[in-house]
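A quick write-up on the structure given underneath.
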Amino acid sequence: MTDSLNRLNRLLWAEPAPCTINEACLNACEGDAFLATILIRRGYTNPDKIRAFLSSDLYLPAPPEQLPDLVVGSSLLQTAIANGKHILIWGDFDVDGQTSTALLVDGLQRLGGEVTYYIPERVAESHGIKLASLQQQIEAQKPDLIITCDTGISEYEALDYAHSIGLPVIVTDHHELGDHLPAVAAVITPRRLPDGHALASLPGVGVAYKLMQHVYTTLHQERDLPRLLDLVALGIVGDVAMQTDDTRYLLQVGLERLRRAERVGLKALMEVANLTPAGLTGERIAYQIGPRLNAAGRLANAALAVELLITHQASQARVLAQQLEGLNNERRVQTRQIETAAEAMITANPSLLDAQALVLYQPDWNPGIIGIVAAHLSERYARPVVLLAGHDIARGSARAPRSFDVNRSITAQADLLRTFGGHPGAAGLSLEVRHIDRFRERFSRTLAEGGMAETQRLNLDTFVTFDQLTLDLAKRIQRLAPFGEGNRPVILATARVRLAHASLVGRDRLHRRMTVEDEQGRQQIVLWWHSADDTLPDGLFDIAYNIGVNDRQELQLTFVDFRQCEDSVIDVPAPAIHIHDWRRELAPVEKLQVLLAESQAYVIWAEAESRQQYPDWKRRAELMPARTLILYTAPPDPQTLREALDLVKPETIHIFGTPPPIPSLQAFLMLLTQSAQNVIDHLDGETVLEILCGATASSPQMARAGLEFLVANGQLGSTIWIGKGGKLGKTKVRLTATSSSENSIAPALPRDIARKRLEAAYREMEAYRRYFRAAPLDRLL
């Protein structure tokens, strides 16, 4: 195997080793030499294991009783059900905890159990079982038996209290063992199994399922057991569990149940996410369903998600799915805000990137969101990232690339920390704010001393040429799915290609659609997610990508990485753009008049200004190509700025970046209301969102959130969106007055959620304008 370093992305390309296919392995793959080659390179050399990997029907799962204490826990549950005892389930607020809780509630209720559940709130209690909360729940619910799921393995204080009052507890968990097992009736965890055991990689929901499997089988109700498998699949993907042995098997059979959409709550959630159940994959769960469920625990109460998963009422399911959709939209806004603020910190202090780890602190960040941003930054900067929030006590989330063990390095700083715990790739922690600088220095030193590599390894499965890429090949590769931790997606590579064309796509223009051409002139479209700010390859390069099938049953290539060919660089200088910075000009209008006297072919981009006073000033929908662009008001977001520059294509840019004449959120709402009324009165109620954005100097997200708030507040009758996809700003909208009888396509958001989304969009927009006023020009343009 040969290794070559990708200089641009700091990935070490591990090229595929030579492979000899024996007849037995080829037969196990039904004669498919391509799949046989990939599986052999990944270590599957036993024909029986290959067959079991490819087909769940040929895999023999391990008996549940191989988990220590599981038989004891099962017996306790059966006795409690038979005697009508009250069972309290103590869950957790992430997707694994939610699905574990829902599985136990649903599974026990189907057997006639008297069941209630409790999930801690993320901000107030964090993970685990706090003694005060346990005492409160015991007093309020008076349980006869407690089952924990996805938690409890090291909650000694709380569980010792339960033991002291004679309350039996069954712990089901999968996290690292503490110094000793808690004093409870049963501790069911795969961590008590030897390495390599078929059940060793089970997440919390897998442990809960195995417990229910034993209960149902003992009670001769096993025919009803498959109803729970859809929840198992959700939890496995949501927890990014290692997809080996029984865990892979449960995910395979669970996905089949999910594709039937039998659970009304999941069916409603898939509808709001525009997902087709039959086409559900592990990737779509990870990027579409998982974030919506997680949003409940991040911004509200995870009980919303549990109720969605266990409800049998379609009407309640639709309401809960809409609530989760609203929370997920708010989560997206806050994620962008925090990520923008974090990038601004790095821009202001580039030396932060000199350390082995990136540790950032801002007291007012939402602790429920920072883990998402930490994951984004960790991928972008190829190092562990810790983000911290809070005033006296900082609580944080850590994420790390695969080549690091972030949990071990955090544990080494235990004397500085109040709480900590997690996995190699993700961990949580809390500490006093005064210790953050010491933690940053020591954490990076521990990583450096541990010999952690700065480069990540990219394992290629095989090189192919573009003429080999077919729909049939993509469908054959799907036989290796579901993909995830422990079974990474197949990575193909094509050598010596060049970029023919690239364009920004998506609602927020954050992604790229690239047309890539090989040396024979054959072209392929490659999608590059979240790449708007990344450098495009130049000249000849090798490209690595995943191959799949989209909803339209078309071939889809997804970018993974590229490496420049040594003989490829073509020095073609870009056209020079002359940029003049007038952002600190004390008299911008007077300076503008001087510039206008010097130039003829100019466009002035200014929004929310009086048309009567400044008739020549253009809003974004009125921009046109020109040699000189005068950027008078600060744009509301980077996507709008990029679109304007792409349209005008100026040779010279004069930047003033003055704040638009809208001093507050209330002033924005007044102006939006007036603009909406003008559309209703003079344009038959129909316009393009971009027109309203220009009139109110707002981002598309801000204008949309404003319209939704006006509807929720009773100031507009409805907003009906016409057509989907493409740029959000180009979306048509039909507005109706409050007196109109025309109904909106979807019910209005609850007023409190609409207000929160509006305020979050406003904060994000204002934060970007402040950044625009202060950031270096090379970061802006």
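The values are calculated or read from the model by the stated rules, or taken from the named source; none is laboratory data. A quick note: this is a predicted structure, and the numbers were derived from the prediction, not measured. Backbone-built Cβ (ideal geometry, glycine too); neighbour counts: all protein chains shown. Keep in mind that these areas ignore ligands, DNA and RNA; they rest on the heavy atoms of the full protein, side chains included. Shrake-Rupley method; radii C 1.70, N 1.55, O 1.52, S 1.80 Å.
Per the Debye formula with a single identical scatterer at each Cα and no solvent contribution, what log10 I(q)/I(0) holds for segment 326-455 at q = 0.14, 0.17 Å⁻¹? Those come out to -0.55, -0.82, one per q.
Modelled spin-label separation between Q674 and D538, with each label point placed 7 Å from Cα along the Cα-to-Cβ direction: 4.8 nm. Proximity of backbone amide H atoms, modeled 1.01 Å from N, is registered between I147 and L88, I89, W90, I170 at under 5 Å, excluding neighbours fewer than 5 places apart on the same chain.
Rounded, prolate or oblate, given the Cα gyration tensor of segment 98-184, with a/c below 1.5 counting as rounded? It comes out rounded by the Cα gyration axes.
A straight Cα-to-Cα reach below 24 Å connects K49 with the lysines K210, K475, residues fewer than 8 places away in its own chain not being considered. For segment 63-118, the gyration tensor built on C-alpha atoms gives an oblate shape. Its axis ratio a/c (a ≥ b ≥ c) is at least 1.5, and a/b is not larger than b/c. Projecting label points 7 angstrom from Cα along Cα→Cβ for T558 and W721 puts them 2.2 nm apart. A straight Cα-to-Cα reach below 19 Å connects K618 with the lysines K591, K649, K730, residues fewer than 8 places away in its own chain not being considered.
What lysines could a cross-link reach from K85, if we take a straight Cα to Cα line under 18 Å and drop same-chain neighbours fewer than 8 places away? Partners found: K142.
Among the trypsin sites (Lys or Arg not before Pro) found in segment 507-557, those both in a DSSP coil and sparsely packed, with 13 or fewer other Cβ atoms within 10 Å of their Cβ, are R552. In this structure segment 456-518 gives 41 Å² per residue of accessible area when probed at 1.4 Å with all protein chains present. Sparse packing (at most 14 other Cβ atoms within 10 Å of the Cβ) combined with a DSSP loop state is found for the following GluC sites (Glu not before Pro) in segment 135-218: E176. In this simple spin-label model, placing a label point 7 Å from the Cα along the Cα-to-Cβ direction at both R513 and H312 gives a separation of 4.7 nm. In this calculation the C-beta distance from T20 to N713 is compared with R0 = 56 Å, giving a FRET efficiency of 0.20. Entry note, segment 11-58: relative contact order of 33 percent, from Cα contacts under 8 Å with a spacing of 6+ residues. Residues in segment 336-368 near a label at A448, defined as backbone nitrogen under 18 Å from the 7 Å Cα→Cβ point? Within reach of a label on A448, which here means backbone N under 18 Å from a point 7 Å along Cα→Cβ, segment 336-368 contributes 350-360. Normalising the average separation of contacting C-alpha pairs (under 8 angstrom, six or more residues apart) by the number of residues puts the relative contact order of the chain at 9 percent.
R0 = 30 Å: FRET efficiency of N301 with D160, Cβ-based, nearest 0.05? Calculated transfer efficiency: 0.65.
Residue-wise HN-Hα couplings along segment 523-536, as the Karplus relation 6.51 cos²θ - 1.76 cosθ + 1.60 with θ = phi - 60° gives them from phi, are 10, 9, 8, 10, 8, 10, 6, 6, 10, 4, 9, 8, 7, 6 Hz; Gly and Pro carry x.
Checking the a/c ratio against 1.5 first, then a/b against b/c, what shape does the Cα gyration tensor give for segment 1-137?
Note, shape of segment 1-137 comes out oblate.
The stretch between Y287 and E256 holds 9.3 nm of extra length on full extension. This uses 0.36 nm per residue minus the Cα-Cα distance.
Using the Cβ-Cβ distance between D57 and D616 with R0 set to 56 Å, the FRET efficiency works out to roughly 0.20.
How large, in Å, is segment 409-542 by the Kirkwood hydrodynamic radius built from its alpha-carbon pairs? Write down the numbers at each step before the final one.
On the way: mean 1/r = 0.0521 Å⁻¹.
Taking the inverse mean of 1/r over all distinct Cα pairs, segment 409-542 comes out at 19.2 Å.
Ligands, DNA and RNA excluded, the heavy atoms of E519 present near 110 Å² of accessible surface to a 1.4 Å solvent probe. Taking every alpha-carbon pair under 8 Å whose residues sit at least 6 apart, segment 346-461 reaches a relative contact order of 23 percent. For the pair segment 26-61 and segment 472-504, the centres of their Cα atoms are 20 angstrom apart. The slack in the chain from I346 to W529, taken as 0.36 nm per residue of separation less the alpha-carbon distance, amounts to 63.6 nm.
In this structure segment 45-144 gives 43 Å² per residue of accessible area when probed at 1.4 Å with all protein chains present. Only helices enter the 222 nm calculation for the chain: every DSSP H run of n ≥ 4 contributes -39,500 (n - 2.57), and dividing by all residues gives -12000 deg cm²/dmol, rounded to 500.
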